[in-house]
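Everything on this sheet refers to the single structure shown next.
The values are calculated or read from the model by the stated rules, or taken from the named source; none is laboratory data. Everything numeric here is computed off the predicted structure, so don't read it as measured data. Please note: Cβ atoms are built from the backbone with ideal geometry, for glycine as well, and neighbour counts cover all protein chains shown.
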Amino acid sequence: MMSAGLEVSSSWISDYRADVTHDLDASRQRLMKAFLDMRPALLAYVRTRVAADIDPDDVVQDIATRLMSGEDKDLAGIENFAAYMFTVAGNVLKDRYRHGAVRARKAHVPIYDLTLSDNMPSPEDRVEARMRLQRLNRQIEALPEDMRESFILYKVKGKTLHETAEAQGVPVYKVRKNLERALARLSRKVWSD
């Protein structure tokens, strides 16, 4: 029973081959018969070289179209149709890849559609910062002299507590106390709003 099914299938292929090659010249008939014989091998070749989203049968159809179009060259000089078909198959795959690359290039996002991040402060923020800095300078100048000197030596000039105490000629605990009071006063006067 199975062999009968295969015979029907084989006779269908023979009828298809006869129908397809009917209007072709002798060279094209030989090429088409070779293509139909090589179709499974070409399909396997294409399957190993295309992405999952591409139908290998479509690529093989493109190969057949190119082979039968007569664009490539005179077929009389071709002795090895199998090698010629695999060369055409490689060229079809390259053309599809190039076409896909061009389409991907055209799928860019215009820059005017992007939201660009700017880490620079706004003009309002810069003005506010400048005003706070001026207020800080005025408040530092208004500090009592021992507090101001401790603050400037320690916070502005980067001296250690011991170096600040030595420069002022006072004990370290006095420098700490001056710094605590200076910072409390400045934070109330400058950053209270």
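Brief remarks follow.
- Filtered residue count, region 142-193, keeping only those that are over 55 Å from the mean Cα position of the chain (by Cα) and not in a helix (DSSP H, G or I): 5
- All positions within region 135-167 that are surrounded by fewer than 17 Cβ atoms within 10 Å (Cβ to Cβ) and either in contact with a Ser or Thr (Cβ under 8 Å, 6 or more places away or on another chain) or of a type in the set (Gly, Ala, Ser) (or both): ALA142, GLY158, ALA167
- Some residue of region 59-82 being at pLDDT below 85, out of contact with any His (no Cβ under 6 Å at 6 or more places or on another chain), closer than 30 Å to LEU186 by Cα and assigned to a loop (DSSP other than H, G, I, E, B): no
- Remark: pairs (first residue in region 151-167, over 15 Å from ALA182 (Cα atoms); second residue small (Gly, Ala, Ser) and assigned to a helix (DSSP H, G or I); Cβ separation under 8 Å; 6+ apart in sequence or on different chains) = LYS159/ALA167.
- Inspection of region 94-115 identifies no residue that is modelled with pLDDT of 85 or more, among the basic types (Lys, Arg) and outside any helix (DSSP H, G or I).
- Output for region 168-188, where each listed residue is on the phi < 0 side of the Ramachandran plot and surrounded by fewer than 15 Cβ atoms within 10 Å (Cβ to Cβ): PRO171, VAL172, TYR173, GLU180, LEU183, ALA184, SER187, ARG188
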